[in-house]
Amino acid sequence: MNAFLGNIFGGLLKLVFDMVSNIGVEPENFSYYGIAIIITTIIFKFILLPVSLHQSKSTQKMNELQPQIKEIQKKYKNDPQTQQAKVMEVYKKNKYNPMSGCLILLIQFPIIIAFFNVLRNPVTYVFKDPNFYATISKNFLWIPNLEQPDPYLWGLPLLSGITTYLQTKVMTGNTEVDPKVQSTQKTMNIFLPLMIFWAARSFASGLALYWVIGNIFQIIQQIITNRSLGKIKEETR
């Protein structure tokens with residue numbers, strides 16, 4: 001599956017690279033390869049947009065059901081079986097599938113891994129010819145070679161961590177959850193960006209560039225989605 005999806009996304013990246021490289025003279029500080037990674041990442045995110053929107057709506061629905069669920073948990077705290085049955089009744093009445101969020105993640109995961117592998121192995125999935133790949137420029141702004149890790153910690157590694165943090169904040173900022181879950185969530189909101197920052201120190205810069213651009217896209221999309229869902233909620237009151 002990874003090889004199949006990898007060849008599809010590798011072909012997409014090669015198509016974008018060919019289109020970009022035919023535009024004109026290659027900018028001194030922006031290699032065609034770097035520009036192609038940015039454009040392909042945005043296209044990739046648009047491909048996943050319907051799945052991401054479905055996930056946002058699912059999260060919003062769960063947020064709306066939280067008061068009812070908390071009331072049931074409080075009322076039947078000493079009767080787990082009845083509590084579970086009543087919660088399922090709420091889900092059924094509101095046509096909400098609690099497993100939908102997991103299913104959405106399962107759909108996205110192999111696609112994301114495949115695209116990650118494309119950028120990790122560009123010769124295998126994109127250019128096919130190692131000699132041709134060796135001849136192309138791979139610089140981007142302050143980065144001399146997108147195959148290598150960013151030479152500066154304040155560059156893409158720091159941006160990877162910051163954008164990961166902002167993404168988790170906009171995705172969870174308006175979600176009402178159990179205090180215990182909220183505590184775990186806050187811990188993850190700190191731990192995950194730090195983990196990404198640490199990992200990006202050794203990532204090929206092309207991977208880190210993909211991660212940063214993808215996060216920025218996701219942040220903008222989530223802000224727009226949150227506002228849209230908020231307006232719909234106000235109008236239906």
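The values are calculated or read from the model by the stated rules, or taken from the named source; none is laboratory data. Not measured: the values here are computed from a predicted model. When we count neighbours, we look across all protein chains shown, and the Cβ atoms used for this are built from the backbone with ideal geometry, even at glycine. What goes into the accessible areas is simple: the full protein's heavy atoms, side chains included, and nothing from ligands, DNA or RNA. Shrake-Rupley method; radii C 1.70, N 1.55, O 1.52, S 1.80 Å.
Database remark: amide H of Phe30 closer than 5 angstrom to the amide H of Leu141 (H placed geometrically; neighbours at sequence offset of 5 or more, or on other chains; Pro and chain starts carry no H).
Using only the Cα atoms of segment 1-60, construct the convex hull and provide its projected area averaged over every direction, in square nanometres to one decimal. Walk me through the numbers before you get to the answer.
Values: hull surface 22.4 nm².
Spelled out: convex hull of the Cα atoms, projected over all directions, averaged, 5.6 nm².
Rolling a 1.4 Å probe over the heavy atoms of the protein chains gives the chain an accessible area of 60 Å² per residue.
Length available on full extension from Phe30 to Ile43: 0.36 nm per residue minus the Cα-Cα distance, which gives 2.8 nm.
Take each peptide in 209-218, 113-122, 22-31, count the other Cβ atoms within 10 Å of every residue, and average; sorted highest first, the result is 209-218, 113-122, 22-31.
When peptides 38-45, 64-71 are ranked by their average number of other Cβ atoms within 10 Å per residue, the highest-first order is 38-45, 64-71.
For Asn94, what charge total do you get from the other residues with a beta carbon under 11 Å from its beta carbon, if Lys and Arg give +1 and Asp and Glu give -1? Numbers along the way, then the final one.
Values: positive: Lys61, Lys92, Lys93, Lys95; negative: Glu64, Glu89.
It works out to a net charge of +2.
Whenever you get a sec, compute what percent of the accessible area on segment 29-143 sits on carbon and sulfur atoms (1.4 Å probe). Don't skip to the end; give the middle numbers.
Numbers: 4080 of 6660 Å².
Roughly 61 percent of what the probe reaches on segment 29-143 is carbon or sulfur.
A cut-off under 12 angstrom between Cβ atoms defines the neighbours of Leu207, and their net charge, with Lys, Arg +1 and Asp, Glu -1, is 0. Under the criterion of Cα pairs below 8 Å and six or more residues apart, the relative contact order for segment 5-123 equals 39 percent.
Where in the chain are the DSSP H helices whose C-alpha atoms run 18 Å or more along the long axis and whose mean Kyte hydropathy is at least 1.6?
Working: long enough: 2-21 (27 Å, 1.19); 32-47 (22 Å, 1.91); 49-75 (39 Å, -1.13); 80-93 (20 Å, -1.23); 100-120 (30 Å, 1.92); 156-172 (24 Å, 0.68); 179-200 (31 Å, 0.42); 205-235 (45 Å, 0.30).
In the chain, the long hydrophobic H runs are 32-47, 100-120.
Just so you know, the averaged projected area of the alpha carbon convex hull for segment 122-174 sits at 5.2 nm².
Over the chain, Cα pairs under 8 Å with separation of 6+ residues give a relative contact order of 29 percent. Rounded to 0.05, the FRET efficiency of the Glu147 and Val90 pair, given R0 = 41 Å and the Cβ-Cβ distance, is 0.20. Using a 7 Å offset from Cα along Cα-Cβ at Gln185, what residues in segment 24-63 end up with backbone N under 20 Å from the label point? Zone members listed by number: 52-63.
Hey, any idea what Rg/Rh is for the chain, computing Rh the Kirkwood way over Cα pairs? Each step should come with its number before you reach the end.
Values: Rg = 21.5 Å, Rh = 20.2 Å.
Here the Rg-to-Rh quotient is 1.07.
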